[in-house]
Amino acid sequence: MIRSHYVFWLVFALMMIGLYVVISHGNLLKKLIGLSMFQVGVFLFFISLGKVDGGSAPIISEGVETYSHPLPQVLILTAIVVGVATLAVGLALAVRVFEAYGTVEEEELLERDQDEATT
Amino acid sequence: MMFAVMAALLVTMLLALVRAFVGPGRYNRILAINTFGTKTVLFVAVAGFLFGRPEFLDIGILYALVNFVAVVAVLRLTHDDPVSSQNGEDGT
Amino acid sequence: MTVLDVVSGVLLSVGAVFVLSGGVGLLRFPDFYTRIHAAGITDSAGAGLILLGLLVQTPSWETGVRLMIIMLFMVLTGPTATYVLAFAARRDGLPIWHEGDGRR
Amino acid sequence: MTTFVLINVTLLVILTATALTISRMRALYEATMLTALFSLVTACLFVLLDAVDVAFTEAAVGVGISTVLLLGGLSLTRSRETVTPRRRRLPGAAVAALTGGTLIYAAQDLPGFGAADTPVQSHPITDVYLRQSQEDIGIPNTVTSVLASYRGLDTLGELVVVVTAGVAVLLLLGPLTRPEDAGWRKALDLVDYRVLRVVSGLLMPFILLFALYVLFHGDFGPGGGFQAGVIFATGFVLYGLVFGLDKAQRVLPKAVLWSLIPLGLVLFIGLGVVSMLLGGSFLDYDTLSPGDPAAGQHLGILLVEAAIGITVAAVMTSVFFSFAGRRATR
């Protein structure tokens with residue numbers, strides 16, 4: 001069990017650290033960092049599903065017989081670029097929130113909204 | 001032989017990692033990350049030889065490059081931040 | 001065991017020792033400026049020797065060319081990065097360590 | 001095989017430790033630096049897990065672009081996090097523990113890591129991608145052939161997402177929202193660093209050349225449109241950081257950049273339409289060269305990769321410009 005599943009456990013640990021940061025921390029930028037850690041966990045999970053023992057990179061060349069599966073790699077390759085694009089959108093939103101509210105802390109944002117609603 | 005080199009690289013990575021964790025201050029961290037980056041370049045090169053397919057060294061070239069860009073970016077974009085530009089106590 | 005194997009083995013092991021000692025220095029030296037020395041050792045001597053050791057073993061010229069490009073890039077970027085770091089730290093007023101000061 | 005396991009475990013442990021440290025750090029600049037380190041380790045792991053193309057992308061994106069974007073975002077907002085109160089920690093920890101427990105429980109049913117008889121490996125599609133692609137397309141790098149040909153439509157969708165995200169950032173931070181100040185705050189600090197300027201100037205042509213090499217060598221080794229686009233953008237990011245935003249924008253005017261964003265997408269879709277007009281289905285490159293399907297595939301893949309490269313490079317560069325060109329409100 002340990003020998004065959006250790007990768008998954010460590011990857012899950014990574015994902016959960018990211019999830020914890022996203023849920024618990026109030027800072028929007030820290031949340032984005034947590035999100036990207038979670039994302040890396042998912043990437044590693046996918047890639048590790050495609051790996052074969054003794055396999056090699058799926059670039060065909062003579063004298064190599066076993067290759068890892070190319071499909072997860074394709075999915076993750078595009079996902080990384082999409083991930084950084086969405087990270088940019090998130091950051092842009094955070095910057096605009098900061099310009100409007102003067103803070104990126106969730107609690108202070110909620111307080112500001114409350115104040116405006118009551119007055 | 002390759003394995004010994006790989007082990008040395010991994011141990012050095014761990015040492016640099018500790019330096020990046022404890023700091024103190026920004027410059028120590030950048031230095032540690034820069035060192036770590038060169039170790040990853042070597043890692044890619046040695047791993048290629050260790051597992052018998054050394055033809056993917058393009059990745060190593062990219063690492064060497066990107067590592068430099070990261071150091072420049074960190075220096076440039078944190079330069080005018082008053083909070084933690086001093087060394088010493090920083091909150092972790 | 002050919003001559004090339006021996007040469008490559010020697011280069012690799014000396015490089016590994018340099019890399020390792022640089023890592024230890026990065027951790028043990030007392031302040032930022034002294035640590036740059038350690039980083040410099042791993043970046044130039046360690047990396048250069050290991051890459052040379054690999055170069056001796058290369059199966060094809062394409063791999064060799066790539067190794068040489070990596071070496072060129074590292075020779076260009078490594079010292080520049082450490083120089084800029086030291087320069088910026090000096091300008092930022094990071095104090096220099098003297099004998100008898102505490103570690104920082 | 002034990003060598004592999006040892007290296008793998010070491011890297012994964014380094015990764016998890018870095019993640020833990022990042023999650024505990026309140027100084028966000030430092031946390032971002034560690035994110036760069038995190039990406040370096042991830043990229044090493046990808047190399048180890050045989051995903052060389054992914055490692056390529058992760059290195060360029062994670063260490064280059066996303067670090068720069070995070071730092072840019074930080075310099076426009078606040079760089080210190082407040083203390084997370086205890087009452088907020090507990091729910092997050094509970095949810096994480098619960099989800100993690102569920103995942104680990106569910107993972108018992110997963111086939112072992114690296115086993116050769118898993119559904120993933122024994123599915124007929126594996127054989128199509130690894131063996132039959134050599135006759136259909138004839139490109140050694142199966143990742144490229146799957147990306148650009150077998151799953152071309154999927155890639156088109158991803159490209160649309162990238163374009164949408166780029167447009168969203170431009171709408172949020174671009175010049176339409178506020179007149180820009182061109183100077184990127186004060187004069188650039190790094191301009192005094194002569195060595196840095198000389199070396200960066202020396203590196204620039206090599207970076208662009210390398211990006212082109214990655215673009216056109218993607219058929220035979222790791223590389224392709226996404227990677228090349230990001231490397232291009234990294235080159236311009238370096239240029240902008242060292243020589244100042246003004247100069248970078250003089251080299252690459254915004255009008256050009258913004259027209260390049262849709263250009264790649266139009267090229268991609270246009271290629272699909274052309275292949276339909278020639279009698280095939282959407283993005284069926286066989287029709288591009290009647291009588292010699294493999295040649296058509298080569299041409300199609302090359303064009304698609306170029307289109308991806310153009311769009312990704314333009315999006316990443318203009319996103320960087322819009323972060324860098326914004327004035328900090330403090």
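How large is the accessible surface per residue of chain D, computed with a 1.4 Å probe and reported in Å² as a whole number? Could the numbers behind the result be given before it?
Values: 12240 Å² over 330 residues.
Heavy-atom SASA per residue in chain D reads 37 Å².
Quick check on the range D:243-314: what are the equivalent-ellipsoid semi-axes from the Cα gyration tensor, as sqrt(5λ), descending, whole Å?
Each semi-axis is the square root of five times an eigenvalue, giving 33, 12, 7 Å.
For B:Met13, D:Met276, what's the largest-to-smallest order of accessible area, 1.4 Å probe?
These residues rank, largest area first, as D:Met276, B:Met13.
What ranking of B:Arg53, D:Arg26 comes out by heavy-atom accessible area, probe 1.4 Å, highest first?
On the way: B:Arg53 20, D:Arg26 75 Å².
Result of the area sort, largest leading: D:Arg26, B:Arg53.
Pull up all non-local amide H partners of A:Val52: gap of 5 or more, or a different chain, and H-to-H distance under 5 Å with H placed in the peptide plane.
Amide H to amide H, under 5 Å and 5 or more residues apart or across chains, A:Val52 pairs with A:Ser68, A:His69.
Return the FRET efficiency for the residue pair D:Leu98, A:Ile2: r is the Cβ-Cβ distance, R0 is 25 Å, and the value is rounded to the nearest 0.05.
It comes out at approximately 0.65.
When only Cα pairs under 8 Å and 6 or more residues apart are kept, what is the percent relative contact order across chain A?
Value for chain A: 23 percent.
Show me, for the range A:8-23, the HN-Hα J-couplings you get by feeding each phi into the Karplus relation (A = 6.51, B = -1.76, C = 1.60, θ = phi - 60°), rounded to Hz, glycine and proline as x.
Rounded to whole hertz, the list is 4, 4, 5, 5, 5, 4, 4, 4, 5, 4, x, 4, 4, 4, 4, 7.
Amide H of A:Asn27: which non-local residues (sequence gap of 5 or more, or other chain) have their own amide H closer than 5 Å, using H built in the peptide plane?
Result for A:Asn27 returns A:Glu106.
Counting only protein heavy atoms and a 1.4 Å probe, tell me what percentage of chain D's accessible area is made up of carbon and sulfur.
C and S fraction of accessible area: 68 percent.
Accessible surface of A:Arg112 in the full protein assembly, 1.4 angstrom probe, to the nearest 10 Å²?
90 Å²
Return the value, in Å² to the nearest 100, of accessible area buried between chains B and D (probe 1.4 Å, both sides summed). Before the final figure, lay out the partial values.
On the way: alone 6650 and 18900 Å², together 20760 Å².
Accessible area lost upon association: around 4800 Å².
Once phi is turned into ³J(HN,Hα) by the Karplus curve 6.51 cos²θ - 1.76 cosθ + 1.60 with θ = phi - 60°, what whole-Hz value does each residue of the range A:53-66 show in order, with x for glycine and proline?
These are the phi-based 3J(HN,Hα) values: 4, x, x, 9, 4, x, 10, 5, 8, 5, x, 10, 9, 9 Hz.
Computed on protein heavy atoms with a 1.4 Å probe, what is the summed buried accessible area for the chain pair D and A, in Å² to the nearest 100?
Details: alone 18900 and 8670 Å², together 19430 Å².
Rounded to the nearest hundred, the buried surface is 8100 Å².
Rg and Dmax in Å for the range D:1-46, alpha carbons only: what are they?
12.0, 40
Using the charge dipole of the protein assembly as shown (Lys, Arg: +1 at Cβ; Asp, Glu: -1 at Cβ; taken about the Cα centre), state which of D:Ile231, D:Val52, D:Val161 has its Cα farthest towards the positive end.
The Cα lying farthest towards the positive end belongs to D:Ile231.
With an 8 Å cut-off on Cα pairs and a minimum separation of 6 or more residues, tell me the relative contact order of the range C:7-91 in percent.
The value is 34 percent.
Would you tell me the accessible area of D:Thr2, worked out with a 1.4 angstrom probe on the heavy atoms of the protein chains, in Å² to the nearest 10?
Solvent-accessible area, nearest 10 Å²: 90 Å².
Report, in debye and to the nearest 20, how large the dipole of chain A comes out about its Cα centre when Lys and Arg carry +1 and Asp and Glu carry -1 on their Cβ.
With Lys and Arg at +1 and Asp and Glu at -1, about 520 debye.
Relative contact order for the range D:194-330 using alpha-carbon pairs under 8 Å, separation at least 6, rounded to a whole percent?
The normalised contact order for the range D:194-330 reaches 29 percent.
Which one of D:Asp219, D:Asp246, D:Asp53 has the biggest mean-square fluctuation once chain D is modelled by GNM with Cα springs under 10 Å?
Largest GNM mean-square fluctuation: D:Asp246.
Where in chain D are the helices, taken as whole DSSP H runs, whose Cα atoms extend 24 angstrom or more along the long axis and whose Kyte-Doolittle mean reaches at least 0.0?
Span-like helices, by this rule, are D:2-24, D:28-48, D:86-107, D:152-173, D:194-217, D:225-243, D:254-277, D:293-324.
Hey, what D do you get for the range D:27-139 in µm²/s if you plug the Kirkwood alpha-carbon radius into Stokes-Einstein at 4 °C and 1.567 mPa s? Mind dumping the intermediate values first?
Numbers: Rh = 18.4 Å.
Value of D from the Cα-based Kirkwood radius: 71 µm²/s.
Rg over Rh of chain C, using C-alpha atoms and the Kirkwood radius, what does it come to?
With Rh from the inverse mean 1/r over Cα pairs, Rg/Rh is 1.11.
Mind pulling the angle between the C-alpha long axis of helix A:106-118 and the longest principal axis of chain A? Nearest 10 degrees, somewhere in 0 to 90.
30 degrees
With all protein chains present and a 1.4 Å probe, how do A:Tyr20, D:Tyr150, D:Tyr285 order by accessible area, largest first? Intermediate values should be presented prior to the final figure.
On the way: A:Tyr20 50, D:Tyr150 75, D:Tyr285 0 Å².
Order by accessible area, largest first: D:Tyr150, A:Tyr20, D:Tyr285.
Once the whole set of protein chains is in place, how much accessible area is left on A:Lys51, using a 1.4 Å probe, in Å² to the nearest 10?
10 Å²
Per DSSP helix of 4 or more residues, -39500 (n - 2.57); summed, then divided by the residues of chain D. What does that give at 222 nm, rounded to the nearest 500?
-22500 deg cm²/dmol
Using just the C-alpha positions of chain D as equal point scatterers, what log10 of I(q)/I(0) does the Debye formula give at each q in 0.08 1/Å?
Taking Cα atoms of chain D as identical point scatterers yields -0.48.
Using only the Cα atoms of the protein assembly as shown, build the gyration tensor, take square roots of its eigenvalues as a ≥ b ≥ c, and label the shape rounded, prolate or oblate: rounded if a/c is under 1.5, else prolate if a/b is larger than b/c, else oblate.
rounded
Starting from the 7 Å offset along Cα-to-Cβ, what nm value, one decimal, do you get for the label separation of D:Ala17 and C:Leu4?
3.8 nm
The values are calculated or read from the model by the stated rules, or taken from the named source; none is laboratory data. These numbers were taken from a predicted model, which means no experiment stands behind them. Positions of Cβ are backbone-derived with ideal geometry, glycine not excepted, and every protein chain shown enters the neighbour counts. Quick note on the areas: whole protein, heavy atoms, side chains included, nothing else; ligands and nucleic acids left out. Shrake-Rupley method; radii C 1.70, N 1.55, O 1.52, S 1.80 Å.
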